[in-house]
Amino acid sequence: MSLPRSSGLLLHITSLPGRYGIGDFGPAAYAFADFLAEAGQRVWQVLPLVPPGYGASPYASPSTFALNPYLVSPDKLRDAGLLTDDDLADVPAFPDDHVDFGPVEHYKWDLLRRAHAHFLDGAGLPGYTADDLATFEALHADWLPEYALFAALKEAHGGVAWTDWEPACVRRDPDALAQARKTHADAIRLHTFAQFVADAQWQALWSYCRQRSIRLLGDLPIYVAHDSADVWANQDLFLLNDDGQPTVVAGVPPDYFSETGQRWGNPIYRWDRMKRNGYGWWVQRMARAIKLMDLVRLDHFRGFEAFWQSPGDEDTAVNGEWIEGPGSDLFAMFEKQFGAPLPIIAEDLGIITPGVRAIMAEFDFPGMVVLQFGYDEGPNSEHLPHNYRHAHVAYTGTHDNDTIQGWNNNPEVTVAEAEAKRIRDFACAYLGLPGTDHLHWASIRAVLTSVANLAVFPVQDLLGLGSDTRINRPGSLGGINWAWRLEEGVLTEALAEQLHRMTAVTNRLEGMTALKKVGE
């Protein structure tokens, strides 16, 4: 896929401002789309829109198909006739600068229950009626019933992993599941309703973005969480033992950064079985992704060519091995199902083999470069703009990086201060700066002026914000991750004009208007 020359911003939905404790699909999202349009930006990149999992991470979700119910906008529910002003009268005093996930989840579910009660009483404007719900259920029958049942059972078991449920439910005994559907019918209906309204709100926002010539770029991790409806409902497609525990898990081998490697803990696919059934589950997964996004970034693309697996009962990834992945077969099946070119961007960061490059070339998948890596690596780095190619998607940094200003204040390299100063001096020399005061703007200009067809930068870099606004620190857990929120009013008209001028002179204003949805 040859991307048109364009640019965009990275901001996850949860980071939007608003009075309900978490960014959502409501007015602030539409305002951000307006800002993008005014600034000449043609891409809005978000992180996975799925329900959060362990540590509030969207990369450890209980479902790769479902949407995060906490992203449902209360204001839009009121507009749809499903909530009243009285329902929204007593909003807790949530913090403005970060998401306090526990109280937010409690509050949002209370509102969803109220909205569902109004719906059952016959409320709901066009788009939110009983007939609309029935249509939604029919369209998503391949994943929705299993997810709603999983979510209801998980609640009934106090949130413990599905492998700790009673054995009949663990092994998915048909009689036990039939009884569970009866016992938990109300909870199943609520989870189904939450997905219905979330999907309706997202589709409306997506339509608004397209009217503003903005395309949505989403993120699809290669692996799914073990404690998920995906694994529970498809145990035969994963390498599990008789108790449902992974026999082997995903990760990466030991390297310069870690003597023990990285043990991610995700179960490994039975790729041989998937191939025999035409990669049916993966086709469903990709179909869902392209019904939600214009472009899909496949995370850890390396793993499709070959992946590192280590024993499930070990604490590290040391005793692992490389195993051949599905390779071109999977993407050939995608082309057969969805046509070409596929709307896929390959996350090809790290050590990439010739086999990975061959797959990317065969299907014309753009790859990624990250300017911040180039500052650390020096003149020969592929991440510096003079080495970019048209097929690249160029970033100042990603959701896993520090902000540019944070990196400037404290480069995250395991070197002495003298070496850190040398790296900062190199960045300034490369960008032609006398000092680091405007490093974030110069970095944005560098990726915009490069030959890379698509340039993307986090909102934090646009605003020159520090490390305290970073969205994720890989390898760490707790409230510091996934919680940052944008301050109300900081995306000003003057900032939009400044970014628009820079975008115009680098010829990135019009590109994405010609990009069509898959199937159009």
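From the list L111, L149, L153, which one is surrounded by 19 or more Cβ atoms within 10 Å (Cβ to Cβ), touching a helix residue (DSSP H, G or I) at 6+ places or on another chain (Cβ under 7 Å) and farther than 15 Å from A229 by Cβ? Outline the logic, then answer.
Details: L149 fails: farther than 15 Å from A229 by Cβ; L153 fails: farther than 15 Å from A229 by Cβ.
Matching residue, one of L111, L149, L153: L111.
Please work out if Y223 is among the aromatic types (F, W, Y) and either surrounded by fewer than 19 Cβ atoms within 10 Å (Cβ to Cβ) or in a helix (DSSP H, G or I) (or both). Quick ask: steps written out before the conclusion?
Values: among the aromatic types (F, W, Y): yes; either surrounded by fewer than 19 Cβ atoms within 10 Å (Cβ to Cβ) or in a helix (DSSP H, G or I) (or both): no.
In short, no.
Within 24 Å of G218 (Cα to Cα) and β-branched (V, I, T) - does that describe any residue in the range 84-92?
So in the range 84-92, the residues within 24 Å of G218 (Cα to Cα) come out as none.
The answer is no, given that none of the residues of the range 84-92 is within 24 Å of G218 (Cα to Cα) and β-branched (V, I, T).
Looking only at the range 1-29, filter to residues that are more than 16 Å from the chain's Cα centre (by Cα) and of a type in the set (S, T, N, Q); which one of those is most open to solvent (accessible area, probe 1.4 Å)?
S2
How many residues are open to solvent by less than 40 Å² (accessible area, probe 1.4 Å) and either assigned to a loop (DSSP other than H, G, I, E, B) or of a type in the set (V, I, T) (or both) when one looks only at the range 446-458?
5
Can you find even one residue in the range 201-212 that is over 30 Å from G124 (Cα atoms) and of a type in the set (S, T, N, Q)?
No: the range 201-212 contains no residue that is over 30 Å from G124 (Cα atoms) and of a type in the set (S, T, N, Q).
Can you tell me which residue within the range 374-404, out of those that are in contact with a Gly (Cβ under 7 Å, 6 or more places away or on another chain) and in a loop (DSSP other than H, G, I, E, B), is most open to solvent (accessible area, probe 1.4 Å)?
A391
Quick one: is E314 in a helix (DSSP H, G or I) and of a type in the set (D, E, K, R)? Spell out the reasoning first.
Details: in a helix (DSSP H, G or I): no; of a type in the set (D, E, K, R): yes.
Taking the combined requirement at face value, the residue does not satisfy it.
Report whether or not L371 is open to solvent by less than 10 Å² (accessible area, probe 1.4 Å) and over 25 Å from I13 (Cα atoms). It would help to see each step written out before you state the result.
Values: open to solvent by less than 10 Å² (accessible area, probe 1.4 Å): yes; over 25 Å from I13 (Cα atoms): no.
Considered against the rule, which asks whether it is open to solvent by less than 10 Å² (accessible area, probe 1.4 Å) and over 25 Å from I13 (Cα atoms), L371 comes out as no.
Within the range 164-214, track down each residue that is touching a Phe, Trp or Tyr at 6+ places or on another chain (Cβ under 9 Å), over 25 Å from G81 (Cβ atoms) and of a type in the set (V, I, T).
V170, I214
Of the residues that sit in the range 459-469 and are in a loop (DSSP other than H, G, I, E, B) and open to solvent by 20 Å² or more (accessible area, probe 1.4 Å), which one is nearest to G251 (Cα to Cα)? Show your work before the answer.
The initial filter retains those residues of the range 459-469 that are in a loop (DSSP other than H, G, I, E, B), namely 464-466.
Keeping just the survivors that are open to solvent by 20 Å² or more (accessible area, probe 1.4 Å) gives 464-465.
Working: G464: 33, L465: 31 Å.
My answer is L465.
Free of Cβ contacts under 8 Å to residues at least 12 places away in the same chain and either open to solvent by 30 Å² or more (accessible area, probe 1.4 Å) or closer than 21 Å to T469 by Cα (or both), is that true of L433?
yes
Identify the residue in the range 268-300 that is under 22 Å from L239 (Cα atoms) and in contact with a Gly (Cβ under 8 Å, 6 or more places away or on another chain) and, among all such residues, is least open to solvent (accessible area, probe 1.4 Å).
Among residues in the range 268-300 that are under 22 Å from L239 (Cα atoms) and in contact with a Gly (Cβ under 8 Å, 6 or more places away or on another chain), the one least open to solvent (accessible area, probe 1.4 Å) is M274.
Are any of the residues in the range 318-329 among the aliphatic types (A, V, I, L, M) and open to solvent by less than 30 Å² (accessible area, probe 1.4 Å)?
no
How do the pairs read when you match residues in the range 270-299 that are farther than 26 Å from L216 by Cβ and modelled with pLDDT of 95 or more with residues anywhere that are open to solvent by 30 Å² or more (accessible area, probe 1.4 Å) and part of a loop (DSSP other than H, G, I, E, B), using Cβ under 8 Å and keeping only pairs 6 or more apart or on different chains?
The qualifying pairs are R270/L239.
Looking at the range 358-368, which of its residues are open to solvent by less than 20 Å² (accessible area, probe 1.4 Å) and of a type outside the set (F, W, Y)?
I359, M360, P366, G367, M368, listed by residue number.
Search the range 330-357 for residues being open to solvent by 60 Å² or more (accessible area, probe 1.4 Å) and among the hydrophobic types (A, V, I, L, M, F, W, C), and hand back the single one that is farthest from A306 (Cα to Cα).
In this case the residue turns out to be A340.
Which condition breaks for V252 when tested against (1) touching a Leu at 6+ places or on another chain (Cβ under 8 Å); (2) open to solvent by 20 Å² or more (accessible area, probe 1.4 Å)?
The failed condition is (1).
Please find, among D255, D236, the residue that is of a type in the set (D, E, K, R) and modelled with pLDDT of 95 or more.
D236
If a residue has to be open to solvent by 20 Å² or more (accessible area, probe 1.4 Å) and in a helix (DSSP H, G or I) to count, how many in the range 30-55 make the cut?
Qualifying residue count, the range 30-55: 7.
Mind telling me which of the residues L349, L371, L342, L330 ends up being under 27 Å from L216 (Cβ atoms) and at pLDDT below 95?
The conditions single out L349.
Would you mind stating whether R78 is charged (D, E, K, R), over 26 Å from D219 (Cβ atoms), without any contact (Cβ under 8 Å) to a residue 60 or more places away in the chain and open to solvent by 60 Å² or more (accessible area, probe 1.4 Å)?
Judged against the criteria, R78 is a match.
Identify, please: which residue in the range 152-168 is more than 23 Å from F193 (Cβ to Cβ) and assigned to a helix (DSSP H, G or I) and is, among those, nearest to the chain's Cα centre (by Cα)?
T163
Working only within the range 492-520, note down all residues that are open to solvent by less than 40 Å² (accessible area, probe 1.4 Å) and modelled with pLDDT of 95 or more.
If we filter the range 492-520 for residues that are open to solvent by less than 40 Å² (accessible area, probe 1.4 Å), which is where we start, we get 495-496, 499, 502-503, 506, 508-509, 511-512, 515.
Scanning the range 492-520 gives L495, A496, L499, M502, T503, T506, R508.
Since R473 meets every condition but one in (1) in a helix (DSSP H, G or I); (2) under 27 Å from the mean Cα position of the chain (by Cα); (3) of a type in the set (K, R), which condition does it not meet?
(1)
Of the residues that make up the range 240-248, is at least one part of a helix (DSSP H, G or I) and not small (G, A, S)?
Taking every residue of the range 240-248 in turn, none turns out to be part of a helix (DSSP H, G or I) and not small (G, A, S).
Pairs please, first residue from the range 130-143 and without any contact (Cβ under 8 Å) to a residue 60 or more places away in the chain, second anywhere and assigned to a helix (DSSP H, G or I), Cβ atoms under 7 Å, 6+ apart in sequence or on different chains.
E137/L144; E137/T192
What tally of residues in the range 129-146 results from selecting those that are open to solvent by less than 20 Å² (accessible area, probe 1.4 Å) and assigned to a helix (DSSP H, G or I)?
2
The values are calculated or read from the model by the stated rules, or taken from the named source; none is laboratory data. Values in this document were obtained by computation on a predicted structure and should not be read as measured data. Positions of Cβ are generated from backbone atoms using ideal geometry, with glycine treated the same way; all protein chains shown enter the neighbour counts. Side chains are part of the model used for accessible areas, which takes the heavy atoms of the whole protein and leaves out ligands, DNA and RNA. Shrake-Rupley method; radii C 1.70, N 1.55, O 1.52, S 1.80 Å.
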